[in-house]
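Engineer: Before I ask anything, here is the structure I am working with.
Derivation of every value follows stated rules applied to the coordinates shown; laboratory data play no part. Keep in mind it's a predicted model, so treat the numbers as computed, not measured. Note that we place each Cβ from the backbone using ideal geometry, even for glycine, and neighbour counts take in every protein chain shown.
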Amino acid sequence: MQQQNAGMGQGQQQQQSIMPQPPNVVTSKDHLYITDMLSWNLLAMKKAHNFAQQCQDQQVAQALEAVGNMHNRHYQTILTHLNNQQQQTQQQQMQ
């Protein structure tokens, strides 16, 4: 029984090939995940800013603003990657 299981594991490993580069396709699942990432970062940024405005301790308020700025940078980075990918796709289609 163990020999059969060991043989199956080797066969599965041989069938999987490593992609040298990810495909230039965004699946619907990818799109949903990207949308979620943008939403999470935007929400976290807004909440941190809101809590910082309500906070009376300046050190805590500054830390919350720093957290909000970090999420804003993440949000902008994701958008930049998406825009760059869109531009590359459009250039490839024109060629």
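Engineer: Round to the nearest 10 and give me the degree value, 0 to 90, for the angle of helix 28-54's Cα axis relative to the longest principal axis of the chain.
Structural biologist: So the helix axis and the longest Cα principal axis differ by about 20 degrees.
Engineer: A further question follows. Determine the sum of side-chain charges near F51: Lys and Arg each +1, Asp and Glu each -1, restricted to other residues whose C-beta is under 15 angstrom from that of F51.
Structural biologist: Details: positive: K46, K47; negative: D57, E65.
Counting the neighbours of F51, the net charge comes to 0.
Engineer: Take the Cα atoms of the stretch 32-74, build their convex hull, and give its volume per residue in Å³. Could you put the intermediate results ahead of the total?
Structural biologist: Working: hull volume 1.7 nm³, N = 43.
Enclosed volume per residue, from the Cα hull, is 41 Å³.
Engineer: What is the magnitude of the charge dipole of the chain about its Cα centre, with +1 placed on the Cβ of each Lys and Arg, -1 on the Cβ of each Asp and Glu, and no other charges, expressed in debye to the nearest 20? Intermediate results must be reported in sequence, preceding the final value.
Structural biologist: Details: 4 positive and 4 negative charges, 17 e Å.
Value, rounded to 20: 80 debye.
Engineer: As an exercise, find the ratio Rg/Rh for the chain from alpha-carbon atoms, using the Kirkwood inverse-distance average for Rh. List each step's numbers first, then the result.
Structural biologist: Numbers: Rg = 22.2 Å, Rh = 17.4 Å.
Reported Rg/Rh (Cα atoms, Kirkwood Rh): 1.27.
Engineer: Which of Q85, Q59, Q16 ends up with the largest GNM mean-square fluctuation for the chain, with Cα atoms connected below 10 Å?
Structural biologist: Answer for the Gaussian network model of the chain: Q16.
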